[in-house]
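Asks: There's a structure below that I have some questions on.
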Amino acid sequence: MSLKNAPSRYGNLSIALHWLMLVLIAAVYACIELKGNFPRGSETRELLKQWHFMLGLAVFFLVGLRLIGRMISPTPAIKPEPAGWQNALSKLMHLSLYALMIGAPLAGWLILSAAGKPIPFFGLDLPALIGPNKELAGEIKELHELAGTAGYWLIGLHAVAALFHHYIVRDNTLVRMMPGRG
């Protein structure tokens, strides 16, 4: 089992974290979207909100591992090499996705903190990052929701780009991140 990236493909740790993050992020979105199907104050609605918070914070904590992995192990080369503008766009997309995976959960933590609510994390109550301030909580919530909407677009574009590279360009972009190919 290769933890470090190889010249032609990502290591197992990078691949596992990538797909785990996808599952977690999908679950974060599912929880918040499904919550609206239940009446305010209902047990199911509150449970979905709690899971939204906890899974979002799991994304926040795991993204640190992904960043460390990117720093200690070089990114495998794309063959054939894409045009310079595609590389620049790829870097911008990845930077945006990392900003989403850090910023959205951090904003959620700040919302709960400013609202004076507990910050649940799988049996733990995390500390508030700021003191209670209902007005600030509302302002951060607007940014959090904007980030969530932007996330749909970023994730969708990321997936379309991977499929474009695989089926149209026919390079190894997608294959480098697929499990069980090595």
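The values are calculated or read from the model by the stated rules, or taken from the named source; none is laboratory data. These numbers were taken from a predicted model, which means no experiment stands behind them. In this analysis, Cβ positions are derived from the backbone assuming ideal geometry, glycine residues included, and neighbour counts consider all displayed protein chains. The protein model used for the area step is the full one, side chains on, heavy atoms only, and it has no ligands, DNA or RNA in it. Shrake-Rupley method; radii C 1.70, N 1.55, O 1.52, S 1.80 Å.
Asks: Does E33 satisfy the condition of being in a helix (DSSP H, G or I), open to solvent by 40 Å² or more (accessible area, probe 1.4 Å) and not β-branched (V, I, T)?
Replies: Considered against the rule, which asks whether it is in a helix (DSSP H, G or I), open to solvent by 40 Å² or more (accessible area, probe 1.4 Å) and not β-branched (V, I, T), E33 comes out as yes.
Asks: Just checking, how many residues over segment 58-81 are over 15 Å from S14 (Cβ atoms) and surrounded by fewer than 13 Cβ atoms within 10 Å (Cβ to Cβ)?
Replies: So the answer is 3.
Asks: Residue check: is T44 assigned to a helix (DSSP H, G or I) and open to solvent by 50 Å² or more (accessible area, probe 1.4 Å)?
Replies: Judged against the criteria, T44 is a match.
Asks: In addition: Considering I111, I140, I155, which residue is of a type in the set (V, I, T), surrounded by 15 or more Cβ atoms within 10 Å (Cβ to Cβ) and either within 15 Å of G56 (Cα to Cα) or without any contact (Cβ under 8 Å) to a residue 12 or more places away in the chain (or both)?
Replies: I111
Asks: Further question: Restricting the search to segment 114-137, which residues are open to solvent by 50 Å² or more (accessible area, probe 1.4 Å) and part of a strand (DSSP E or B)?
Replies: Scanning segment 114-137 gives L124, D125.
Asks: Quick one: is L146 among the hydrophobic types (A, V, I, L, M, F, W, C), open to solvent by 60 Å² or more (accessible area, probe 1.4 Å) and part of a helix (DSSP H, G or I)?
Replies: Judged against the criteria, L146 is a match.
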